[in-house]
Every structure is written in C-alpha cells, then in structure tokens.
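Trainee: The structure's right below; bear with me while I get my questions together.
The values are calculated or read from the model by the stated rules, or taken from the named source; none is laboratory data. Bear in mind that the values here come from a model prediction, so they are computed numbers and not experimental data. Note that each Cβ is placed from the backbone with ideal geometry, even for glycine, and that neighbours are counted across all protein chains shown. Side chains are part of the model used for accessible areas, which takes the heavy atoms of the whole protein and leaves out ligands, DNA and RNA. Shrake-Rupley method; radii C 1.70, N 1.55, O 1.52, S 1.80 Å.
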Amino acid sequence: MKIKNICCIGAGYVGGPTMAVIADKCHDINIEVVDINKERIDLWNDKDLENLPIYEPGLAEIVKRCRGKNLYFSTLVEEKIENADMIFISVNTPTKKHGFGAGKASDLKWVEACSRQVAKYAKGYTIVVEKSTLPVRTAGVIKSILEASQEQKNNESKGNITFDVLSNPEFLSEGTAINDLLNPDRVLIGGDSKEAIQALGNIYEKWVPKNKILKTNIWSSELAKLTANAFLAQRISSINSISALCENTGADVREVSRAIGTDSRIGSKFLDSGPGFGGSCFKKDILNLVYLANYFGLPEVANFWEGVVTLNNWHQKRIANLITKKLFGTLSNKKIAILGFAFKANTNDTRESAAIKICKDLLDEGAILKIHDPKVSEEQISKDLNSLPIKINEENNTTDDKNIEGKWIFCPDIYEVFFEADAVLVLTEWKEYSSIDWEIVSKKMRKPSWVFDARSIVDPYKIMKCNLNLWRIGDGSK
Ligand code: NAD
Ligand code: UGA
C-alpha cells in the first residue's frame, strides 16, 4: 500500500521534528501536523523561523524547505484525520496526577481522546501509528475504541471503515533530534498486519537502511520503548551513585567512567555523572514500568526500577545540601549564579530539569539566584519555580524590592550573573559555559568564591589559577 496523506496528532517535541524529517525525505507524501494548542501551531507557522516552538539544531532549515510544500501545521484536527491514510498519535502521556495509579501510571486521556477522534472521522482503511510512549498493551485500548466505531459505522452503512494499529516508538533525544531521526540506531515497528507494517517500513526505507528497521509483535515494541529508557536512566543513576562514592574516597568519576567504558560489554556512552537526569520521559517511563510491574504482581521488579528514580531524587538533594555546607551552612542572602536551566544542552525544554529541584532547594535556604540560560525564557523559569523574578531597574541596575532573600533574577547577559556572586553553579552543559573567562569572573565575585560544576565542563586548572574554590561532581582527587 502506498501512503499519500499522513496526519500527525500532536505538534510537540516528537510530532514536529519527526514529521519535518519524513516530509523532507518523502516529497510524494502530504503531511498535516495538527494540534489543539493554537498558540503552538501559530509558532510552527511563524514566518520568522527563530520563533518555532521547539529549538532543535537543524530543525528550522528543514521546516524552511518543506513548510507549505508537503508539510503543514494546523488546528484542523477533524478535517485532516478524515483525509489521512496513515495517522500518527504523538500526544503527551504524562504521569497521572490523581485517581487510580496516580504518581506512577501514564495518563492516557489524550491518547484516548485522539483515538475517539480518529474513530469518529477516519474514512476507508486507515493505519493508526502509536508514536507516543505508551504502557504495554495500550494498542489493545486503541483497537477496541476503533473497532467499536468501525462496527457502528459499518452497520449504519457509512462506508467500509477498517483500521490497523501499529506501534512505532520514537527514540530521538532532544538537542540531537534531527540527527537521531536522520541516522537512527534502529526504527522499531510492532504490529499484526504485514501490509500495514510494510507501508510504514516503506516510508522509513527512503533513508534508513533496511537492516535497521526492526519488526516485532506489538507488545514487544511497546515494552521495548519503556525498557530502553529505563536502561538509559539506570546507567545515569548508577554513575551518579558512584560519583558520591568518588567524592568520599579520593577517586575521580571521570576516570572510573573511562575505565569501565572501555569494556566493550559496558560501552562508553551515558556514563557522564551530572546533576541527575531530567527530561519529560525518563522518570515518567520508569514510574510507568513500576506501575505495570506492580499491576502484574511483580513487586520485586517494581522495586528494582523504582530505585533508579529514588537515587536520582537523592542525588539532586545531595547537590543542594553540599552547596549549603560549603557556604558555611547558610545561604541566607548569598548570591548564587546559576548557569543553565534546560534539562540538557541544545534544547529549550525544562521538563523535570534537575535545575528546578536544585534551585527550589537553594531558594528555600534563602539564597538569591541569578539565573542564565541561552534558550530558556524568564517566563518558563517563573512557571517552573512557581514564583515571580525580582524586577531590576534597568537605568541603575538596582531593585526596589526590600526583601530579596529566597528570590531570583533572570540574567540574559551571561557576564551579569557573576556580579557580587558568592558561588557559581553549572547545571547545564551549554558549550558557551566551557569557554568562560574565569579571570574576569573572579574579579566580579565576592570572596571567598566558589564554583560548583555539576557537569564537569569547566577547566579545573583555570579555576584554581584564579583563586576560586572548586567542587566538581564526583571529584574526590583533591
Ligand atoms: P509535547 O507535550 O511536546 O507534545 C504533545 C502535543 O500533543 C501537545 O502540543 C498537545 O497540545 C498535543 N495534543 C494533546 N492532545 C491532543 C489532541 N487530542 N488533539 C491534538 N493535539 C493534542 O510531548 P512530546 O515531548 O512531543 O511527547 C509526545 C510523546 O512522545 C510522549 O508520549 C513522550 O513520552 C514521547 N517521546 C518524547 C520524546 C521527547 O524527546 N520529548 C522522545 C521520545 C518519545
Ligand atoms: C531520552 C532518550 O535518550 C531517548 O532515546 C528517548 O527517545 C527520550 O528520552 C524519550 O523517550 O523522551 P532525552 O530525555 O531527550 O532522551 O535526553 P538524554 O540525552 O537521554 O538525557 C536525559 C537526561 O540524562 C538529561 O538530563 C541529561 O543531562 C542526563 N544525562 C545523559 C546524564 O546526566 N549523563 C549522561 O551520560 C547522559
């Protein structure tokens, strides 16, 4: 079967970049990306490509090439479903906040809403592709919604409506999404219908080598996605646990990582100790796995995976605590320059960023935070910290605020953050932070001054040459 019209429901971090790459590689397919969020769609359609709602290196160039040719963004969900022969579900699947399974299970209300819309508006034969990360056996839920409507429509003689459901989880990482989509380690397609699997496989085969397109049963595909994220997050918690041990024993976590990473069975990737993993998915996907394991009566399996999240939470608290200890046990009215708020470099995404928890803990201790990030806005930080920034009078660089203890300031200019700071805390590994002129910085700071490098990106010799005290994650060598 030859696919001519794709509709992707959800214009987020996955839907937008994935569809842009498919459009760029398959000029014969018309792609409609739809979303209920009008503001987001308007930004996808903005003439100024700087305003795209998602920052990903290489994305703007592809959107420029394809938008208005075979790639369209709109809020016309119903109409675009009706015209599509393949529909990708790329909506959000966050952790449930209340009700049965709250705090662990995935909230499938958006996926269910999409399935009902597809059931209502699709015509003829439609292939429905799960792109969102879903609990194993969700395809069953989608199928029953589609089949119920299929029966009803066919009984009412509204045409011969048929569906196939495939699982095609996405493995892209933010910040490298375009490269990951163009050169994936593998593409996974799970399903029962050979015809549907082939139709989706044909699309990827336009640029992905055939041997990298793995075909499995639908449940293996769903579970493989959760498992991949759980294994990746587990590596980070493992190395972060070792970083704490390094700091107490005189070892250096970078040397330990290098030593174990050269073992080809372990491999060298994902062994960088940092401030704890963030991002919208690791925590939610592991908690989902924990929920599923408990649901299927496997508490030992559930406890094993929950430990990965528990360690991550502990590790983030550990960093805030040690900063307080090094600054004489109190942060009251001390200024701390925060370098980076995004959960990793090269993205404007702050979901579950370690910076949120660590900054909140520092503010609770009474610190005054001066926050810089090259891509995250003041409004986003304000939402994440659940508080408003101190307003600075631009003429004389002062504030009318009398009590600024436990408050924060947004600094768009990086060299502004260091002024009168007692400490600098590096939380995101933005490239520009590794080329800071510490000699200039040290002159702006209040003495004794500290640099806390939770990402290991500053040059320790340059820091120490400038008479700054240094703490580096996992470095017990001093
Ligand atoms: P997102 O929140 O950025 O985007 C989801 C979009 O879906 C939102 O814009 C929302 O308005 C829209 N939406 C929700 N319900 C809708 C409906 N009924 N009709 C139309 N639009 C609707 O989420 P995301 O980061 O793109 O993640 C989407 C899924 O992909 C999740 O399941 C996630 O786990 C998975 N995933 C994410 C990443 C990542 O790097 N962010 C990577 C791999 C997989
Ligand atoms: C992760 C996975 O890598 C993707 O394969 C997956 O598709 C995606 O989740 C998802 O399902 O959402 P992402 O969260 O975008 O991608 O970014 P990662 O590069 O995995 O980083 C996650 C977190 O781990 C970041 O906070 C990062 O700083 C941290 N990390 C990563 C480390 O602390 N150390 C490392 O060595 C690697």
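Trainee: For segment 339-360, what are the residues that are assigned to a loop (DSSP other than H, G, I, E, B) and not polar (S, T, N, Q)?
Mentor: Hits for segment 339-360 are Gly340, Phe341, Ala342, Phe343, Lys344, Ala345, Asp349, Arg351, Glu352.
Trainee: Looking at segment 258-276, which of the residues that are within 11 Å of ligand 2 (Cβ to nearest atom) and closer than 15 Å to Gln234 by Cβ is surrounded by the most Cβ atoms within 10 Å (Cβ to Cβ)?
Mentor: Gly276
Trainee: Here is a list of conditions, (1) at negative phi; (2) surrounded by fewer than 16 Cβ atoms within 10 Å (Cβ to Cβ); (3) modelled with pLDDT of 95 or more, and Phe328 meets all of them except one; can you say which number that is?
Mentor: Going through (1) at negative phi; (2) surrounded by fewer than 16 Cβ atoms within 10 Å (Cβ to Cβ); (3) modelled with pLDDT of 95 or more one by one, Phe328 breaks only (1).
Trainee: Name the pairs: first residue in segment 161-190 and within 23 Å of Asp349 (Cβ to Cβ) and more than 10 Å from ligand 1 (Cβ to nearest atom), second residue at pLDDT below 95 and acidic (Asp, Glu), Cβ to Cβ under 8 Å, at least 6 apart or on different chains?
Mentor: Listed by first residue and then by second, the contacts come to Ile178/Glu56.
Trainee: Return the pairs, sorted by first residue and then second, in which the second residue is open to solvent by less than 10 Å² (accessible area, probe 1.4 Å) and of a type in the set (D, E, K, R), the first residue lies in segment 17-33 and is without any contact (Cβ under 8 Å) to a residue 24 or more places away in the chain, the beta carbons are less than 6 Å apart, and the residues are 6+ apart or on different chains.
Mentor: none
Trainee: I've got another one for you. Could you look through segment 449-478, keep only residues that are charged (D, E, K, R), open to solvent by 40 Å² or more (accessible area, probe 1.4 Å) and without any contact (Cβ under 8 Å) to a residue 40 or more places away in the chain, and pick out the one that is nearest to Ile358 (Cα to Cα)?
Mentor: Asp459
Trainee: Within the group Ala119, Ala139, Ala113, which residue is open to solvent by 20 Å² or more (accessible area, probe 1.4 Å), among the small types (Gly, Ala, Ser) and outside any loop (DSSP other than H, G, I, E, B)?
Mentor: Just a single option satisfies the conditions, and that option is Ala113.
Trainee: Yes or no: segment 214-223 includes at least one residue that is among the charged types (D, E, K, R), within 30 Å of Glu195 (Cβ to Cβ), in contact (Cβ under 8 Å) with a residue 12 or more places away in the chain and more than 15 Å from ligand 1 (Cβ to nearest atom).
Mentor: Yes - at least one qualifying residue is present in segment 214-223.
Trainee: Scanning for something away from ligand 2 (no atom under 16 Å from the Cβ) and outside any loop (DSSP other than H, G, I, E, B), does segment 89-109 turn up at least one residue?
Mentor: yes
Trainee: On to the next question. Asn386 is checked against (1) closer than 28 Å to Glu56 by Cα; (2) open to solvent by less than 70 Å² (accessible area, probe 1.4 Å); (3) out of contact with any Asp or Glu (no Cβ under 7 Å at 6 or more places or on another chain) and fails just one. What number does that condition carry?
Mentor: Evaluating Asn386 over (1) closer than 28 Å to Glu56 by Cα; (2) open to solvent by less than 70 Å² (accessible area, probe 1.4 Å); (3) out of contact with any Asp or Glu (no Cβ under 7 Å at 6 or more places or on another chain) leaves (2) as the failure.
Trainee: For segment 361-379, give me each residue that is crowded, with 19+ Cβ neighbours inside 10 Å and either assigned to a helix (DSSP H, G or I) or without any contact (Cβ under 8 Å) to a residue 24 or more places away in the chain (or both).
Mentor: Leu362, Leu363
Trainee: Go through segment 374-389 residue by residue and tally those that are within 12 Å of Ile356 (Cβ to Cβ) and not β-branched (Val, Ile, Thr).
Mentor: 7
Trainee: Residues of segment 277-294 being buried (at least 18 other Cβ atoms within 10 Å of the Cβ) and either more than 7 Å from ligand 2 (Cβ to nearest atom) or among the aliphatic types (A, V, I, L, M) (or both), which ones?
Mentor: Lys283, Lys284, Ile286, Leu287, Asn288, Leu289, Val290, Tyr291, Leu292, Ala293
Trainee: Checking the condition over 19 Å from Val14 (Cβ atoms), of a type in the set (Asp, Glu), out of contact with any Ser or Thr (no Cβ under 9 Å at 6 or more places or on another chain) and in contact (Cβ under 8 Å) with a residue 60 or more places away in the chain, which residue from Glu156, Glu195 passes?
Mentor: Glu195
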